[in-house]
Amino acid sequence: MTGSAIRNTENQMEAGDIDLAVAMRLEALKINRAIGSRMGVANDFGRLAALYILQGDLDRAEKMLTGAIDIERSLGRNDNLARYCADLARLHRSRGDLQRAETLYRQSIDFDLATCRRQMAAECYRDLAKIMEDRGDLAEAESLLLELVGIEESRREKKLLAQALGRLAAVRLRRGIPAQAEKVLERAEHLYRELEDAGGLAETLGHLGIVYFVQDRPDQAEFALTTALQLNIETGRNVHRADNYANLANLYWSQGYAREARACYAEALSLFRETGDSTKARRVLELLDGLQASHPDQ
């Protein structure tokens, strides 16, 4: 059973069930220690770590995973070692220790690729790229996402590939290279149309609208954003509707259409308040005030 499968199963357990599972696993650990089964001990450590995480006891979980890693290193079993490194990386990430998390993610990737475990490597690439994005190291994030795209292409997972392309495009847009962002977004759009995934298509078109906007292609930007908006209305995705309205408002304001911009900002403000996004609501309110100051008669 993989680490993900273990977590999915154990997440469904009640508190009493978890306590019982811990007690049973501790008994198994005693037996494996008594008979000298280091492989069994490592497995028990890994299972106990997952259970301790569910109990919120991260200190014990860390000790278990560290113990499992030490044993697996001595046994030279890269597949289990990769899983335990990834689990420990996620634990450190949850605690905000991103440096240790990064080191462990990279180790897990190396072990996964050595054993052709591409799915596990892809999970680590996704997490590690997010750390780099949050840190502001966009060049490294782009490099990691390119590796992720390559894995998803080889696995022929269309939806996961489209999602990876979307993240890559977002990083390239933040890096100020919209033409390169456009290329990967067009690939993602094609995949989402093949999959008939309205949500993914709407998000991709919303990003394309921003790309066209920063490239001063207002007609294409408006078409992409309004199409995304319609899809989000049909699928009830209010958070994304709010973003579409805000971006349309920015576009209309830049083109001198103050009345249309004001109406879109008002829709965005209402939706951001409805969905509880106070940060974006404040930003839209500031933009509305600025629009009113610059176009008081429109």
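For the stretch 68-85, state whether one or more residues are of a type outside the set (G, A, S), surrounded by 21 or more Cβ atoms within 10 Å (Cβ to Cβ), within 17 Å of R47 (Cβ to Cβ) and within 20 Å of the chain's Cα centre (by Cα).
Checked the stretch 68-85: at least one residue is of a type outside the set (G, A, S), surrounded by 21 or more Cβ atoms within 10 Å (Cβ to Cβ), within 17 Å of R47 (Cβ to Cβ) and within 20 Å of the chain's Cα centre (by Cα).
Restricting the stretch 117-169 to residues that are within 27 Å of R77 (Cβ to Cβ) and acidic (D, E), which is surrounded by the fewest Cβ atoms within 10 Å (Cβ to Cβ)?
E157
Considering L285, L248, which residue is surrounded by 14 or more Cβ atoms within 10 Å (Cβ to Cβ) and closer than 18 Å to E222 by Cβ?
Working: L285 fails: closer than 18 Å to E222 by Cβ.
It is L248.
Please list, ordered by first then second residue, the pairs with beta carbon atoms under 7 Å, 6 or more apart or interchain, first in the stretch 231-254 and free of Cβ contacts under 8 Å to residues at least 12 places away in the same chain, second assigned to a helix (DSSP H, G or I).
Final answer for the pair search is I233/R241.
From the list E182, E194, pick out the single residue that is touching a residue at least 24 places away in the same chain (Cβ under 8 Å) and out of contact with any helix residue (DSSP H, G or I) (no Cβ under 6 Å at 6 or more places or on another chain). First the steps, then the outcome.
Working: E182 fails: out of contact with any helix residue (DSSP H, G or I) (no Cβ under 6 Å at 6 or more places or on another chain).
Only one candidate qualifies: E194.
Go over the candidates R60, R93 one by one and state the one that is of a type in the set (D, E, K, R), touching a residue at least 24 places away in the same chain (Cβ under 8 Å) and surrounded by 15 or more Cβ atoms within 10 Å (Cβ to Cβ).
Values: R60 fails: touching a residue at least 24 places away in the same chain (Cβ under 8 Å).
Checking each option against the conditions leaves just R93.
Values quoted throughout were computed directly from the atomic coordinates according to the rules given, and no laboratory measurement underlies them. Everything numeric in this text was worked out from a predicted model, so none of it was measured. For neighbour counting, all protein chains shown are included, and Cβ atoms are generated from backbone atoms with ideal geometry for every residue, glycine included.
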